[in-house]
Protein chains: 2
Amino acid sequence: MKKEKISEFTTHRLSIYLRCLTTLEEEGVETVSSKTLAERFSLNSAQIRKDLACFGQFGVRGLGYPVSELRRRISDILGLGTMHRVCVVGGGNLGMALAEYGGFLQHGFFRCRHLRQLPRKIGRRSRNGVPIYALASLAEVAGSEGIEMAMVAVPAKAAAAVCEAVFDAGIRAVLNFAPVRLQARPGTKIHSTDLSISLEGLSYFLANNPQAGS
Amino acid sequence: MKKEKISEFTTHRLSIYLRCLTTLEEEGVETVSSKTLAERFSLNSAQIRKDLACFGQFGVRGLGYPVSELRRRISDILGLGTMHRVCVVGGGNLGMALAEYGGFLQHGFFRCRHLRQLPRKIGRRSRNGVPIYALASLAEVAGSEGIEMAMVAVPAKAAAAVCEAVFDAGIRAVLNFAPVRLQARPGTKIHSTDLSISLEGLSYFLANNPQAGS
């Protein structure tokens, strides 16, 4: 197992396999071949075999992969066995949505603590019970609660300073939603999710693929 | 200009260059070299030159790229000159955040119409005035309003059916937030933004990069 060599693209694909396997497990499917997995979920079967071969012997020739075992194994590789505590920084609509987004909890790996700058909400809780703190207490709360990841959903102009505050608080993993590029420090990681970039990709598609006459 | 040959990775990078150039323009910078652009925003200067060379002659050797002109040009390439109308399908917190997210409007290319299934809100408007419709009227509203893109933020189990309804309504570009893989039809495009996948990538980073002793 060459853990060090796994690229972000590979971990991204492992996450996708995990979702597909979870679906199959819920349907009661016990084994699946790379070919069936690929056809069912629009994946590349050669890529699946290559990705999974990195992590040792999974499949049985002619039978395919054992669904539940493979799902557990990928979950372990991604470090999802431990509960990572995540906080949200940013109290706008997106920050509130992230703090309350049920989708994450289904994957069972984090608890959300919401840090909001607007004074009128500090000391209260969000609708689903996430406590709201002042940004000034980030380091203190991160230390006492063992927070390891931060989702940063603040305006572009504030993002760099907030990111520095997050690192100063000892949080080493950041998911950034602001439409700016942020600098990671050594030993830290930033993933950026800029929704506008996805929309611009779709805009490019529409501009270059005019509707067929109908 | 070989429009057909541009990959999603390239359009993604063009979107990033666009943000960097907008920042520089706001700062009053008139020209920038690929080297400075790369250093300032943690990009790859050779990649910048290669990407921009696809679209004709931009830079002046020794002087660099004219910031405003390059920004406009990339904006045109991405089809951002025309205002694409976007709707949101899904009335949960994420859907509401997307319908009200100011970040998109700064890029000036869409207007948001919010289609919500919860009956108690239908016929009303969101806090920032986005009208809320029943999903059943999607095709009618999409036709009358000229909606070209849909952001789908519904639970995983509902996403495939909603996506079919979106395509049936003549909308050809989908940004999917549900943690499932959806099938595009010929002539349509789906971008998926699964926030859990980003968090899992960070989880993998934390699992494989233990904190240095401090």
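List of remarks:
- Against the conditions (1) at pLDDT 90 or above; (2) farther than 21 Å from A:ILE197 by Cβ; (3) basic (Lys, Arg); (4) in contact with a Gly (Cβ under 9 Å, 6 or more places away or on another chain), B:ARG172 satisfies every one except (2).
- Of residues in the range A:74-115 being more than 9 Å from chain B (Cβ to nearest Cβ), in contact with a helix residue (DSSP H, G or I) (Cβ under 7 Å, 6 or more places away or on another chain) and modelled with pLDDT under 85, the one surrounded by the fewest Cβ atoms within 10 Å (Cβ to Cβ): A:ARG85
- The range A:179-213 - residue that is facing another protein chain (nearest Cβ under 8 Å) and among the small types (Gly, Ala, Ser) and, of those, surrounded by the most Cβ atoms within 10 Å (Cβ to Cβ): A:SER203
- Residues of the range A:26-52 classified as crowded, with 16+ Cβ neighbours inside 10 Å and not hydrophobic (A, V, I, L, M, F, W, C), total: 5
The values are calculated or read from the model by the stated rules, or taken from the named source; none is laboratory data. As the structure is a prediction and not an experimental result, all values here were calculated from the model. Heads up, the Cβs are rebuilt from the backbone with ideal geometry, glycines too, and the neighbour counts pull from every protein chain shown.
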